[in-house]
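The values are calculated or read from the model by the stated rules, or taken from the named source; none is laboratory data. Predicted model only: the values in this text are computed from it and were never measured. Cβ placement follows ideal geometry from the backbone for every residue including glycine, while neighbour counts extend to all protein chains displayed.
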């Protein structure tokens, strides 16, 4: 994140992940690089090899939108990654000292959470910290060392791989979301601190971070193995909070009539008594 050549790092990392066979180009065991060669990317993007080399080396920093679109096609980038590429190549924002500001959830959003007691819901901040939750959202992630921080839960919690049966997929998606946040606001001090700590403490995080994968958290299905109710398969929708840039409301649901729905209902009943005497059923 502190590199002066983030565009070049992104291009190199993504070039290494594209198989020549995927694009109908000759591969073979004699290749000395993973993925595409520089000259192959240049050919596919319709630019000179020298120009592309200058981009990777940081000697050319502001290619045109047309060149960026061509590079995105050559590197088989999806929409989120292509948009990230354009941001990296845009003019740098003026450096400024930023005060640390505590992320807060608005009272209206807190009331919305409280109004959905039968559906796990959490509000996540820029670094995927849990800023607020309803009781069932709290119960879903409860019992871990880092229950309130979903990035650290994935990479630093001792039982993360048990909690997430599809840990590899969750880890890649988590790093992709953090990479996206870094592209939107690379000077965020909390983000810098999070990436720094995880890079030191987790080899898995370091390797995934170096791949420059970009993932927008939108919707999907996630499997959990909960310590109280066992296996859960939940679909989720992640909704951006327009009044608080960087925040997301994530709502989880089980397929009606499924074993996961029964397990989620049991989890709700187990937590109901605990929250019955609590005046507020949304904590943040």
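A few notes on this one:
- Answer residue from the range 88-111, given it is assigned to a helix (DSSP H, G or I) and crowded, with 18+ Cβ neighbours inside 10 Å and is modelled with the lowest pLDDT among those: 89
- Residues being assigned to a helix (DSSP H, G or I) and either at pLDDT 90 or above or touching a helix residue (DSSP H, G or I) at 6+ places or on another chain (Cβ under 6 Å) (or both) - total across the range 18-42: 5
- Which listed residue is in contact with a helix residue (DSSP H, G or I) (Cβ under 7 Å, 6 or more places away or on another chain), modelled with pLDDT of 95 or more and part of a loop (DSSP other than H, G, I, E, B), from 212, 146: 146
- Pick from the range 227-245, criterion surrounded by 16 or more Cβ atoms within 10 Å (Cβ to Cβ) and in contact with a helix residue (DSSP H, G or I) (Cβ under 7 Å, 6 or more places away or on another chain), ranking: modelled with the lowest pLDDT: 241
- Scanning the range 122-143 for residues that are within 22 Å of residue 271 (Cα to Cα) and not in a strand (DSSP E or B) yields 134, 135, 136, 137, 138, 139, 140, 141, 142, 143.
- Scan of the range 127-158 for residues that are touching a strand residue (DSSP E or B) at 6+ places or on another chain (Cβ under 6 Å) and surrounded by fewer than 20 Cβ atoms within 10 Å (Cβ to Cβ), ordered by number: 129, 148
- Restricting 156, 180 to residues that are in contact with a helix residue (DSSP H, G or I) (Cβ under 7 Å, 6 or more places away or on another chain) and modelled with pLDDT of 95 or more narrows the list to 156.
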